[in-house]
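Visitor: One structure is given below, represented as structure tokens, and several questions about it will come after.
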Amino acid sequence: MAIESTRTSDAVRHLDASLEEDLDTLRNEGLFRPLRVLESPQMAEVVVGGRRLINLSSNNYLGLNTHPRLIEAAVRGASEWGAGSGAVRTIAGTQSIHEELEARLAAFKHTEAALCFQSGYTVNVGVIGSMLESGDCVVSDKLNHASIIDGIRLTKADRILYEHVDVDDAERALKEARDKGYRRVLLITDGVFSMDGDIAPLPDLVERAEKYEAAVMVDDAHGTGVLGRNGRGSTDHFNLHGRVALNIGTLSKAVGVVGGYVAASQTVRDHLIHKARPFLFSSSHPAAVVLACIAAIDVLEQEPELIERLWVNARYLKKGLAELGFDIGHSETPITPVMCGEAPQAMALSDALLEHGVFAQAIGFPTVARGRARVRTIVTATHTTAQLDDALAAFGACGPAIGLL
Ligand SMILES: *Cc1c(COP(=O)(O)O)cnc(C)c1O
């Protein structure tokens, strides 16, 4: 909140005026959005502006953020280990529970080792930024997540993009990289693409990468907890254990807490501990986070019915939206986009849904390409069929009202 009595300098006001020009551009394009404030926990229903809404906007696939076992673990973590970790990992911020979580993640992902970072974003920036140098090359899907793109921006490595999920174009890129004789070539793909919900053709990508002696990195932020046995992710879904060099994951989505990790060889872990800048220069997670993540792995291993329920709900919502006549793209996972064209139309749909008791956020440029704006929905295991029916009724009322159907 602005404090009116404070006098701001010309320099401060000049910066604001210049930034307002950028914001005006967003306003003119219909891309300016205030943050939506939730007045409740992130659950199947949330309270926004004092109203209860059916929530189709979270990445909380399994409802683990409010699972009693995670909450109990978080409370125990804080009371037994304190509120903060007090240091970066390499100085004094590694506690036995951090090592325990990593051992659990490695076992879960069937890899030798794992290493945690503060978020999925920092793990991508840290891994890509530290592992590749001048003389190396990244081969990357054009629709990879922003955190991968930012990691690539930080390296002096060359980059060759391939068309989204196009295995033959990936092969073209891999061949080009091999022929140029780089030291390290790393093919990077999302396991599940976060905006469209399609699954990367991993068996073919891995096979082509092996043919051209490139290593593969899969960012399974939306695959973990969703695909594979007990939610082990897309590498497990396709039974590619031992052939994906770097399995990236987030602890912030289906796992229900916050953080990121890479599951890989012991050599990769040792390398990152010495080279990855977010690991070296940013503090480790508090124990509440760490113990809640360990509890989440227990839940994934012991309550697979949550994942079954997630898929039942996902199929139900997809079928209902398609029957209403919406274009829901080509998702293969619980991520279900409702395609709207330009951003203002997506925002109109989102606003109309809000009026009808459904919280489903519009997503426009730059998160997705211009002309590909959408309302992205993600159901969770914790939605009831009655809630999904209500949500579908709201979509059915709003689609025609904004001229989309
Ligand atoms: C969400 C996401 C991330 C970032 O994870 P955070 O833990 O939220 O930082 C990274 N990669 C992909 C593909 C994602 O969808």
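Visitor: Would you pick out the residues in the range 68-91 that are open to solvent by 70 Å² or more (accessible area, probe 1.4 Å) and part of a helix (DSSP H, G or I)?
Guide: Once the filter is applied, which keeps residues that are open to solvent by 70 Å² or more (accessible area, probe 1.4 Å) and part of a helix (DSSP H, G or I), the range 68-91 yields Pro68, Arg69, Ile71, Glu72, Val75, Arg76, Ser79, Glu80, Trp81, Ile91.
Visitor: Would you mind listing the helices (runs of 4 or more DSSP H) fully within the range 256-309 where at least 3 residues are crowded, with 21+ Cβ neighbours inside 10 Å and touching a helix residue (DSSP H, G or I) at 6+ places or on another chain (Cβ under 7 Å)?
Guide: Ranges flagged: 287-302.
Visitor: May I pose another question? Restrict the check to the range 362-370 and report whether at least one residue is in a strand (DSSP E or B) and over 30 Å from Ala74 (Cα atoms).
Guide: yes
Visitor: Here is a further query. Of everything in the range 199-220 that's assigned to a helix (DSSP H, G or I) and within 22 Å of the chain's Cα centre (by Cα), which residue is surrounded by the most Cβ atoms within 10 Å (Cβ to Cβ)?
Guide: Here the residue is Leu205.
Visitor: Moving to a separate point now. Need the failing condition index for Ala113 against (1) among the aliphatic types (A, V, I, L, M); (2) closer than 20 Å to Ile294 by Cα; (3) surrounded by 22 or more Cβ atoms within 10 Å (Cβ to Cβ), just the number.
Guide: (3)
Visitor: Could you please give the count of residues in the range 351-405 that are over 16 Å from Gly325 (Cα atoms), among the small types (Gly, Ala, Ser) and open to solvent by 30 Å² or more (accessible area, probe 1.4 Å)?
Guide: Count: 3.
Visitor: While we're looking at this one, here's another question. When both residues are 6+ apart or on different chains and their Cβ atoms are under 7 Å apart, which pairs have a first residue that lies in the range 56-71 and is over 13 Å from Gln302 (Cα atoms), and a second that is charged (D, E, K, R) and at pLDDT 95 or above?
Guide: Correct list of pairs: Asn59/Lys253; Tyr61/Lys253.
Visitor: Which of the following residues is in contact (Cβ under 8 Å) with a residue 60 or more places away in the chain and within 20 Å of Ser58 (Cβ to Cβ): Leu349, Leu317, Leu324, Leu353?
Guide: Leu317
Visitor: Now for a separate question. What number of residues within the range 229-238 satisfy the criterion of being within 16 Å of the ligand (Cβ to nearest atom) and either of a type in the set (Lys, Arg) or part of a loop (DSSP other than H, G, I, E, B) (or both)?
Guide: Adding up the residues that qualify gives 1.
Visitor: Sticking with this one: Could you tell me whether the range 79-89 includes any residue that is more than 24 Å from Leu300 (Cβ to Cβ) and of a type in the set (D, E, K, R)?
Guide: Yes: one or more hits.
Visitor: Let me ask you something else. Hey, can you tell me all the residues within the range 110-148 that are in contact with a Cys (Cβ under 9 Å, 6 or more places away or on another chain) and either under 21 Å from Ile160 (Cα atoms) or part of a helix (DSSP H, G or I) (or both)?
Guide: Val123
Visitor: Tally the residues that are not in a helix (DSSP H, G or I) and not acidic (Asp, Glu), restricting the search to the range 11-67.
Guide: 33
Visitor: Anything in the range 159-184 that is farther than 29 Å from Cys340 by Cα and open to solvent by less than 20 Å² (accessible area, probe 1.4 Å)? List them, or say none.
Guide: Ile160, Ala170, Ala173, Leu174, Ala177 - these are the residues of the range 159-184 that are farther than 29 Å from Cys340 by Cα and open to solvent by less than 20 Å² (accessible area, probe 1.4 Å).
Visitor: So which residues in the range 247-257 are more than 13 Å from Gly233 (Cα to Cα) and either more than 7 Å from the ligand (Cβ to nearest atom) or of a type in the set (D, E, K, R) (or both)?
Guide: Gly256, Val257
Visitor: Taking the range 109-156 only, how many residues are small (Gly, Ala, Ser), closer than 20 Å to Thr90 by Cα and near the ligand (Cβ under 10 Å from one of its atoms)?
Guide: Residues flagged as small (Gly, Ala, Ser), closer than 20 Å to Thr90 by Cα and near the ligand (Cβ under 10 Å from one of its atoms) within the range 109-156 amount to 2.
Visitor: Give all pairs with beta carbons closer than 8 Å in which a residue from the range 393-405 that is of a type in the set (Phe, Trp, Tyr) meets a residue that is in a helix (DSSP H, G or I); count only pairs at least 6 apart in sequence or on separate chains.
Guide: Qualifying pairs under 8 Å: Phe395/Gly320; Phe395/Leu321; Phe395/Leu324; Phe395/Leu353.
Visitor: Checking the conditions here, which among Arg89, Arg69, Arg27 is closer than 30 Å to Pro334 by Cβ and basic (Lys, Arg)?
Guide: None of the other options fit; the residue is Arg69.
The values are calculated or read from the model by the stated rules, or taken from the named source; none is laboratory data. Only a predicted model underlies this, so the values are computations on that prediction, with no experimental measurement involved. We place every Cβ from the backbone using ideal geometry, glycine too, and count neighbours over all the protein chains shown. SASA here: full protein model, heavy atoms, side chains in, ligands and nucleic acids out. Shrake-Rupley method; radii C 1.70, N 1.55, O 1.52, S 1.80 Å.
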